């Protein structure tokens, strides 16, 4: 296990929306982004040049929808979680399985920055 956290890239950005149907139409038909999939709980995911864009209706705390959430992609979410905890980070929600895809599992966890903004970490783990 490396002693340093290794963020690979921005893996996902979440945008708070109020009407999923209208927003999906805008991002797909107007902006021309590729719709990857939708989740019945009010989420839609698009590809934006290799970065995943998530449209989300209110999920969790209302104050978390005042700004976009950036998800930082890491290769080993479990060791990264441990390293962050060793540095004094308290997780809002420890990483857990968010979605099982055809070729990988998507794991996501949340923490807060010094301004109390929600920060996501994510990993796409190969299927066992």
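The values are calculated or read from the model by the stated rules, or taken from the named source; none is laboratory data. Remember, predicted model here, so these are calculated numbers, not experimental data. Glycine also receives a Cβ, built like all others from the backbone with ideal geometry; neighbour counts cover every protein chain displayed.
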Do we have any residue at all in region 71-94 that's more than 20 Å from residue 113 (Cα to Cα) and free of Cβ contacts under 8 Å to residues at least 40 places away in the same chain? no
Which of the residues spanning region 59-78 are assigned to a helix (DSSP H, G or I) and either exposed (fewer than 11 other Cβ atoms within 10 Å of the Cβ) or modelled with pLDDT under 85 (or both)? 62, 63, 64, 65
Looking at region 109-120, is at least one residue touching a strand residue (DSSP E or B) at 6+ places or on another chain (Cβ under 7 Å) and modelled with pLDDT of 90 or more? yes
Surrounded by fewer than 18 Cβ atoms within 10 Å (Cβ to Cβ) and on the phi > 0 side of the Ramachandran plot, is that true of residue 116? yes
Quick check: anything in region 55-64 touching a strand residue (DSSP E or B) at 6+ places or on another chain (Cβ under 6 Å) and either free of Cβ contacts under 8 Å to residues at least 40 places away in the same chain or over 24 Å from residue 125 (Cα atoms) (or both)? yes
Test residue 37 against the criterion of being part of a strand (DSSP E or B) and in contact with a helix residue (DSSP H, G or I) (Cβ under 6 Å, 6 or more places away or on another chain), and give yes or no. no
Does region 82-93 contain at least one residue that is crowded, with 16+ Cβ neighbours inside 10 Å, touching a helix residue (DSSP H, G or I) at 6+ places or on another chain (Cβ under 8 Å) and assigned to a strand (DSSP E or B)? no
Filter region 101-110 down to residues that are outside any strand (DSSP E or B) and in contact with a helix residue (DSSP H, G or I) (Cβ under 8 Å, 6 or more places away or on another chain), then give me how many there are. 0
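In region 6-30, what residues are buried (at least 17 other Cβ atoms within 10 Å of the Cβ) and part of a helix (DSSP H, G or I)?
20, 23, 24, 27
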Look at residue 33 and say whether it is surrounded by 13 or more Cβ atoms within 10 Å (Cβ to Cβ) and over 30 Å from residue 85 (Cα atoms). yes
Which one of 44, 98 is farther than 16 Å from residue 9 by Cβ, touching a helix residue (DSSP H, G or I) at 6+ places or on another chain (Cβ under 7 Å) and assigned to a strand (DSSP E or B)? 44
Looking only at region 47-58, how many residues end up being part of a strand (DSSP E or B) and farther than 19 Å from residue 72 by Cβ? 1
